Protein chains: 2
Amino acid sequence: MTTNARLATPVMAAPVMVPDHRHLGACAHCDARPHSVCNAVPAVDMARLAAASTTGIAQPGTCFVEEGAKADAFFNITAGTARLFKLLPDGRRQIMGFAGVGHFIGLAVSSTFTFSAEAIDHVHYCRFSRPRLRALLDDFPAMEQKLLEVTSSELVAAQEQMLLLGRKTARERLASFLIAESRHNAGCHLPRRQFALPMTRGDIADYLGLTIETVSRTLTRLRHEGLIEIPSAGDVVILDRDGLERLAEGLT
Amino acid sequence: MTTNARLATPVMAAPVMVPDHRHLGACAHCDARPHSVCNAVPAVDMARLAAASTTGIAQPGTCFVEEGAKADAFFNITAGTARLFKLLPDGRRQIMGFAGVGHFIGLAVSSTFTFSAEAIDHVHYCRFSRPRLRALLDDFPAMEQKLLEVTSSELVAAQEQMLLLGRKTARERLASFLIAESRHNAGCHLPRRQFALPMTRGDIADYLGLTIETVSRTLTRLRHEGLIEIPSAGDVVILDRDGLERLAEGLT
DNA sequence: GGTTGGCGTTGATCTGGATCAAACCGAGGC
DNA sequence: GCCTCGGTTTGATCCAGATCAACGCCAACC
């Protein structure tokens, strides 16, 4: 039942804050902009956007958002990947998802964060203080609209995950996960046959509500059945996408 | 693993559409308004709000939103309660939540509904076609802001449920559920010691990712331990709130 | 080249909750 | 009053996945 107890007391980031004497055009050249809610702000107002935020980097393994801490700011990831998770007092962990480039974190009505965010690799982010974000949203309703769209999509994804966690078997969970990852990693292109799994088996287990051992066993079983191939622990090739998709939906 | 297979083919509502020659002040006298996103529209614009929607009633046991159907409208519940759920092809059901007065349903970026909504009792609702809602939101940014707040809160609740479904034991799930229901049923007042459970054991099971038998057994166990009392199947009294809350958080 | 340490895999065993089965109970209906 | 029927409870048994325990692999480091 318990998972990596080490995680019960997450390492808090010693935040590497970049002093914000940034060139005002910083946002204009941001790689993450096409993937983020920021693209709702028109190009001419990029300076306004840049002025509302500061940037920072979280080192691998450190938390830059901690569950229960005062939610005085919002984060927009511009590089790297973070795991978002909640912990029970005894160390049991549930990963809510993995946040990549363009992902917005910390939009909460409550005054404290409801989950933690831990950098998997080097995570670059923009930080908006609450009042400044509020001011931005008031000035740019299109950004608020975009934020609503993004939040709605996350809610839909969360509900899909509730179905997975509440009613699917281990095989179905892994199949669903692999299908979703293959779509996700493919970016804008068609879903790839081969793709990388950057997270550990422990992360996958805590995302799917299973144990490390069950994840490992189930993957090798899917391999023996000819549905997938596993060139190395971090790579997967889908051999029978239809079969995997049927499995993910609970058929057979 | 399977749950009530009867539900695999939900009864579609023969919708009782009320022809909309409504008095334009209908929204002004709406009981649900204080609980709904509609209260973001100023009182002087009630006529505009009323003109954008039609009303309807769903009979108990009928679906007024069906997963996979074209999402051409949004619903706002003005009376009654509905269960929101997703199904797997073999009939396994996961309930995402129970929607009461003021609850907004069907806000999706996707073109189809991602879950079904089934009336538990007589459900009265307002129906907004997509384009009309879009127009309303454009005219009243405060409504869009309110909608973002509500959606964010739902996302937070969904993530809490993911923790429950992925990592909590049956006892912890029931304890969490009872605490949440006691808060919810209390309305604006302090959480009540006694409250009603309007849904069936089957609904509770499909909401918590358990079976009917486990729900029943776990409730009687909590009763024997002196944490709760069960005057009748539909009523619960909390005898030891602290104990229940500790259990819900995974302590002991 | 040996050691350490962090994953990942595999095997043996255990168990919480599912499944199968039966009895109970209260609200209608006649 | 008796019967039916849906929902609920309780008991016996089963099993998918957890837990406990080795072991393998490989990269980092002396």
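Any read-out appearing in this document is the output of simple, stated calculations on the displayed coordinates, not a laboratory observation. As the structure is a prediction and not an experimental result, all values here were calculated from the model. Every residue, glycine as well, gets a Cβ built from its backbone with ideal geometry; the counts of neighbours run over all protein chains shown.
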> R0 = 35 Å: FRET efficiency of B:R217 with B:S110, Cβ-based, nearest 0.05?
Replying inline: 0.35
> Given labels modelled 7 Å from the Cα in the Cβ direction, how far is it in nm from A:R134 to A:V237?
Replying inline: 5.5 nm
> Is the stretch B:98-161 rounded, prolate or oblate when judged by the Cα gyration tensor, a ≥ b ≥ c being the square roots of its eigenvalues, rounded requiring a/c under 1.5 and prolate requiring a/b larger than b/c?
Replying inline: oblate
> For the stretch A:5-157, what does the alpha-carbon gyration tensor say about shape, rounded, prolate or oblate, given a ≥ b ≥ c as the root eigenvalues, a/c under 1.5 as rounded, and a/b over b/c as prolate?
Replying inline: prolate
> Which whole number in µm²/s is D for the stretch A:168-248 by Stokes-Einstein, with the Kirkwood Rh taken over Cα pairs at 20 °C and 1.002 mPa s?
Replying inline: 172 µm²/s
> Under a straight-distance cross-link criterion of Cα-Cα below 29 Å, which lysines are reachable from B:K86, leaving out those fewer than 8 residues away in the same chain?
Replying inline: A:K86, A:K146, A:K168, B:K70, B:K146, B:K168
> Going highest first, how would you order B:195-202, A:204-211, B:58-65 by mean Cβ packing within 10 Å?
Replying inline: A:204-211, B:58-65, B:195-202
> Add -39500 (n - 2.57) for each DSSP H run of 4 or more in the protein assembly as shown, then divide by its residues: what number comes out at 222 nm, to the nearest 500 deg cm²/dmol?
Replying inline: -11000 deg cm²/dmol
> Between the helical axis of A:170-185 and the dominant principal axis of chain A, each derived from Cα atoms, what acute angle in degrees is found, rounded to the nearest 10?
Replying inline: 40 degrees
> For peptide B:167-176, how many partner chain Cβ atoms fall within 10 Å of a residue's Cβ, on average?
Replying inline: 2
> Looking only at other chains, what is the average number of their beta-carbon atoms within 10 angstrom of each beta-carbon in B:87-96?
Replying inline: 5
>> Quick check: from the Cα gyration tensor, does the protein assembly as shown come out rounded (a/c under 1.5), prolate or oblate?
In response: rounded
>> Using a 10 Å cut-off around each Cβ, can you sort A:D121, A:D242 from fewest to most neighbouring Cβ atoms?
In response: A:D242, A:D121
>> Starting from the 7 Å offset along Cα-to-Cβ, what nm value, one decimal, do you get for the label separation of B:A51 and B:I230?
In response: 5.4 nm
>> At 7 Å along Cα-to-Cβ for each site, give me the label-to-label distance between A:A69 and B:E66 in nm.
In response: 4.9 nm
